[in-house]
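Here is the structure we will look at.
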Amino acid sequence: GLTVLDGRTTEIGGLRVGFVGGGLRTPMNTPYEIDEDEYAAKVDALGEVDVLCSHIPPEVPELCYDTVARRFERGSRALLEMIHRVRPRYAFFGHVHQPLVRRMRIGATECVNVGHFMSGGRPFALEW
């Protein structure tokens, strides 16, 4: 009875919300890693959205750097390009467990690592 929204959109509370699952290929070869072209096609398939949800962050150093692991995690250039082009209200993601910054604004879009709450014990909540 579930609908998987990977690469698809739905309306929630009057906002168009797009979802992109998985990540980009790394030497660790973890499950659900795909190549950049396939990932970009999923991002492009969303079209205009008010809220962009993905597992990995857009390719911005401050959002991709893990301060505990002391390394950059893969971010997506396609997500960053979509944020510049579409200008959604929000971009939500996780993946980077201890980010250099947990949120930042890119133009009109508030980008938030919603998975970062694990260390503080307080989840991110959004009301609209």
Report summary line: So for R0 = 22 Å, FRET eff. of Tyr32-His97 from the Cβ-Cβ r, to 0.05, ends up at 0.85
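Nearest-5 percent of antiparallel DSSP beta bridges in the chain? Before the final figure, lay out each step's value.
Values: 12 of 27 bridges.
Of those bridges, close to 45 percent are antiparallel.
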Query raised in the report: Rounded to the nearest whole Å², what accessible area per residue is found for the chain with the 1.4 Å probe?
Result: 60 Å²
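Report relative contact order for segment 58-109 in percent, whole number only (criteria: Cα-Cα under 8 Å, sequence separation at least 6).
Details: 65 pairs, mean separation 23.3, N = 52.
The value is 45 percent.
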Query raised in the report: Which part of segment 34-49 falls in the paramagnetic zone of Arg16, meaning amide N under 17 Å from the point 7 Å along Cα-to-beta-carbon?
Result: 42-49
**Report entry** Taking the chain and dividing mean pair separation by its residue count, relative contact order in percent (alpha carbons under 8 Å, at least six apart)
**Finding:** 20 percent
Query - Inter-probe distance in nm under a simple model that places probes 7 Å from Cα toward Cβ, at Arg8 and Val114 - result: 1.8 nm
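Considering only protein heavy atoms and a 1.4 Å probe, what is the carbon-and-sulfur percentage of the accessible area of segment 1-114?
Details: 3250 of 6390 Å².
Of all accessible area on segment 1-114, carbon and sulfur atoms account for 51 percent.
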Report task. Provide Tyr32, Tyr90 ordered by accessible surface of protein heavy atoms (probe 1.4 Å), highest first. Result -> Tyr32, Tyr90
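The values are calculated or read from the model by the stated rules, or taken from the named source; none is laboratory data. Since the structure is predicted, the reported quantities are computational estimates derived from the model, not experimental observations. Don't worry about glycine lacking a Cβ; one is built from the backbone with ideal geometry, like all the others, and counts go over all protein chains shown. When the accessible area is computed, the model is the full protein with side chains, heavy atoms only, and any ligands, DNA or RNA have been set aside. Shrake-Rupley method; radii C 1.70, N 1.55, O 1.52, S 1.80 Å.
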